[in-house]
Amino acid sequence: MAAALQVLPRLARAPLHPLLWRGSVARLASSMALAEQAWQLFESAVGAVLPGPMLHRALSLDPSGRQLKVRDRSFQLRQNVYLVGFGKAVMGMAAAAEELLGQHLVQGVISIPKGIRAAMERAGKQEMLLKPHSRVQVFEGAEDNLPDRDALRAALTIRQLAEGLTADDLLLVLISGGGSALLPAPIPPVTLEEKQTLTRLLAARGATIQELNTIRKALSQLKGGGLAQAAYPAQVVSLILSDVVGDPVEVIASGPTVASSHSVQDCLHILNRYGLRAALPRSVKTVLSRADSDPHGPHTCGHVLNVIIGSNVLALAEAQRQAEALGYQAVVLSAAMQGDVKSMAQFYGLLAHVARTRLTPSMAGASVEEDAQLHELAAELQIPDLQLEEALETMARGRGPVCLLAGGEPTVQLQGSGRGGRNQELALRVGAELRRWPLGQIDVLFLSGGTDGQDGPTEAAGAWVTPELASQAAAEGLDMATFLAHNDSHTFFCRLQGGAHLLHTGMTGTNVMDTHLLFLRPR
């Protein structure tokens, strides 16, 4: 893992503008030390959710090698196991599964993002690669996380395999983030292009992943339990690496092994919300009307065992342990951070300001109004299980530096045509917020990174910022507001200090949403 995640050497080599040396050299050194610790924690979070180790924790063979144990269930093995998978992490999961199952694995088909196999080879991640004579067929598609013809071919091959199974067979389904785009099989007469267009329009207008998947399921042959239905009467074991807030199995990769609970009315409500119902192509209207009048009703998935084997919660727990080992009081705010990226940036910026008065009691306290504003922002974001009071109480105890950890997936409403991703945009917006508040005698660093190593259509996983970001940008003639207005955060960070604030991990082979780290350290 350490060999694959190489940001610190880049930090050390990045050129610094001479004007940055105005002010304290000690502060610069402190920021670099915080950046190293932030990177260490991010690395530990990703390392905790690598696909191979997680799969081996979920699956095991009994001593005779004739039974597969999955949690508290056992399945008879007699060269009767078939494997399908789709997502950013399934190649590593498939490699581990094939090694474990040996001769019992008859055939497999997986759909993975275009280029990920070559990336793993270049990174020397042999444990995530299938052996030369593997029984698993690999399709690559969904470039830039958008369904395409290559992904469609993979989906139809997966459907064909599933439909050929019998009651004596066991289908092992491997699912991870990105799986929805890698399993497109529209219900005719809907075409792939029509489904792509509708998905893009919804995403551009700020639709949540839950809303996107509700529409996808309604128009898909395999999503919303369709794959499980195709595999019946075979037994199905689905191992899921969650990339969705709250880990709802019916939402992850649009729930191919979970019966859909959504109705046509749910779909129409979403389409109305984003002003798209009137513009629907005739084919989509046809499929929705058929589903609304289906006399058979929704199917069930009683022959399926769905198991979450990894999630953002697991990643944050490991990062929290590492933070405590470094001497921080560490609090996990939530593993379900969601909502508009602008509001989330305001929340983190104001949280850092309010933290100042608790970590440095000698400073002038935050006003009652600012405390109320922080809680109001938290309420607007509707963050489940937010441990805000615990975090504030931890700071008030004043026993040294604090690290606040969170995970989730904020949404970005596109306004421009720049390059970036939600992590880089969040980091840039937090940097802009931090300049609004006097932070006094505390060092602050914020990091946001995608655990899959790819933030939007860029080669970066995310970025880190400090309160000095605005002055650093001004010294290099970079106007933060202009880059934000064009959703061009990646270009901004590439130009700032030669890209020193970017996180470059390469594809990690896993995906459990994003990790946010907020460091608060009294000087």
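The values are calculated or read from the model by the stated rules, or taken from the named source; none is laboratory data. Treat the numbers as computed from the prediction; the structure is a model and nothing was measured. Cβ placement follows ideal geometry from the backbone for every residue including glycine, while neighbour counts extend to all protein chains displayed. Each accessible area value is taken on the protein alone, full model and side chains, heavy atoms only, with ligands, DNA and RNA left out. Shrake-Rupley method; radii C 1.70, N 1.55, O 1.52, S 1.80 Å.
Looking at the stretch 50-65, can you tell me whether even one residue there is surrounded by 21 or more Cβ atoms within 10 Å (Cβ to Cβ), assigned to a loop (DSSP other than H, G, I, E, B) and not hydrophobic (A, V, I, L, M, F, W, C)?
No, the stretch 50-65 contains no residue that is surrounded by 21 or more Cβ atoms within 10 Å (Cβ to Cβ), assigned to a loop (DSSP other than H, G, I, E, B) and not hydrophobic (A, V, I, L, M, F, W, C).
Would you point out which residue out of Ala378, Ala317 is closer than 21 Å to Leu428 by Cα, surrounded by fewer than 22 Cβ atoms within 10 Å (Cβ to Cβ) and in contact (Cβ under 8 Å) with a residue 12 or more places away in the chain?
Going through Ala378, Ala317 in turn, the sole match is Ala378.
Matching residues to (1) assigned to a loop (DSSP other than H, G, I, E, B); (2) open to solvent by less than 30 Å² (accessible area, probe 1.4 Å); (3) farther than 30 Å from Val70 by Cα:
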| residue | (1), (2), (3) |
| --- | --- |
| Ser261 | yes, no, no |
| Asp266 | no, no, yes |
| His269 | no, no, yes |
| Leu288 | no, yes, yes |
| Cys301 | yes, yes, no |
| Ala323 | no, yes, yes |
| Val332 | no, no, no |
| Ala336 | no, yes, no |
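Of the residues that make up the stretch 83-100, is at least one assigned to a loop (DSSP other than H, G, I, E, B), surrounded by fewer than 22 Cβ atoms within 10 Å (Cβ to Cβ), assigned by the TED database to the domain that holds Gly177 and among the basic types (Lys, Arg)?
Scanning the stretch 83-100, I find no residue that is assigned to a loop (DSSP other than H, G, I, E, B), surrounded by fewer than 22 Cβ atoms within 10 Å (Cβ to Cβ), assigned by the TED database to the domain that holds Gly177 and among the basic types (Lys, Arg), so the answer is no.
Output yes when any residue across the stretch 393-404 is open to solvent by 10 Å² or more (accessible area, probe 1.4 Å), polar (S, T, N, Q), farther than 30 Å from Asp168 by Cα and not assigned by the TED database to the domain that holds Ser254, and no when none is.
Among the residues of the stretch 393-404, not one is open to solvent by 10 Å² or more (accessible area, probe 1.4 Å), polar (S, T, N, Q), farther than 30 Å from Asp168 by Cα and not assigned by the TED database to the domain that holds Ser254, which makes the answer no.
Quick check on this structure: which one of Ala151, Ala142, Ala45 is surrounded by 22 or more Cβ atoms within 10 Å (Cβ to Cβ) and not assigned by the TED database to the domain that holds Leu183?
None of the others qualify; the one that does is Ala45.
Return the pair list, or none, for Cβ contacts closer than 7 Å from residues in the stretch 435-455 that are in contact (Cβ under 8 Å) with a residue 12 or more places away in the chain to residues that are in a strand (DSSP E or B) and small (Gly, Ala, Ser), at least 6 apart or on different chains.
That search, which allows pairs on different chains as well, returns Leu447/Gly462; Ser448/Gly462; Ser448/Ala463; Gly449/Gly462; Gly450/Gly462; Asp455/Gly462.
Here's the yes/no breakdown for (1) modelled with pLDDT of 95 or more; (2) among the basic types (Lys, Arg); (3) open to solvent by 20 Å² or more (accessible area, probe 1.4 Å); (4) in a loop (DSSP other than H, G, I, E, B):
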position: Asp452; (1), (2), (3), (4): no, no, no, yes
position: Ala460; (1), (2), (3), (4): yes, no, no, yes
position: Leu478; (1), (2), (3), (4): yes, no, yes, yes
position: Phe483; (1), (2), (3), (4): yes, no, yes, no
position: Arg495; (1), (2), (3), (4): yes, yes, yes, no
position: Asn511; (1), (2), (3), (4): no, no, no, yes
position: His516; (1), (2), (3), (4): yes, no, no, no
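Select, from Val284, Val249, Val245, Val304, the only residue that is of a type in the set (A, V, I, L, M), in the same structural domain as Ala181 (by the TED database) and at pLDDT below 90.
Val245
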